[in-house]
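The values are calculated or read from the model by the stated rules, or taken from the named source; none is laboratory data. Nothing here was measured: the structure is a model prediction, and the numbers come from that model. Because the Cβ atoms are built from the backbone with ideal geometry, glycine has one as well, and the counts that use them run over all protein chains shown. The accessibility values were calculated without ligands, DNA or RNA, using every heavy atom of the protein model including side chains. Shrake-Rupley method; radii C 1.70, N 1.55, O 1.52, S 1.80 Å.
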Amino acid sequence: MTQPSGAPLALEGPRIVLRGLRVLGHHGVGAAERAEAQPFEVDLDLELAEPGAAWSDELAETLDYGTAAQAVAAVVSG
């Protein structure tokens with residue numbers, strides 16, 4: 001995996017990986033491009049600052065993948 005700069009992306013801790021999140025967004029250079037929603041596909045790697053359930057296996061320490069997906073969708077569609 002690489003960053004936009006082309007440099008390798010190093011993930012060292014526990015992480016959540018979401019692939020192929022499809023979101024409609026209004027993006028482009030000109031107004032005509034932004035007029036109609038276009039599909040965007042997003043791959044997301046979230047490195048966790050705290051290991052949480054990755055180490056404890058406690059359900060109460062898990063993260064909601066849906067919340068992460070909704071946050072990304074809000075940025076892309078907005």
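With the structure loaded, tell me whether E47 is over 13 Å from the mean Cα position of the chain (by Cα) and among the acidic types (D, E) or whether it fails that test. Outline the logic, then answer.
On the way: over 13 Å from the mean Cα position of the chain (by Cα): no; among the acidic types (D, E): yes.
Taking the combined requirement at face value, the residue does not satisfy it.
Screening G78 with (1) modelled with pLDDT under 90; (2) surrounded by 11 or more Cβ atoms within 10 Å (Cβ to Cβ); (3) within 17 Å of the chain's Cα centre (by Cα) gives one miss only, at (2). Within region 15-40, residues that are touching a residue at least 12 places away in the same chain (Cβ under 8 Å) and surrounded by 12 or more Cβ atoms within 10 Å (Cβ to Cβ) have Cβ atoms under 7 Å from residues that are among the aromatic types (F, W, Y) and assigned to a strand (DSSP E or B) in these pairs: V23/F40; G25/F40, counting only partners at least 6 apart in sequence or on another chain. Within region 41-67, the set of residues being open to solvent by 70 Å² or more (accessible area, probe 1.4 Å) and within 18 Å of G78 (Cα to Cα) comprises E41, D43, T67.
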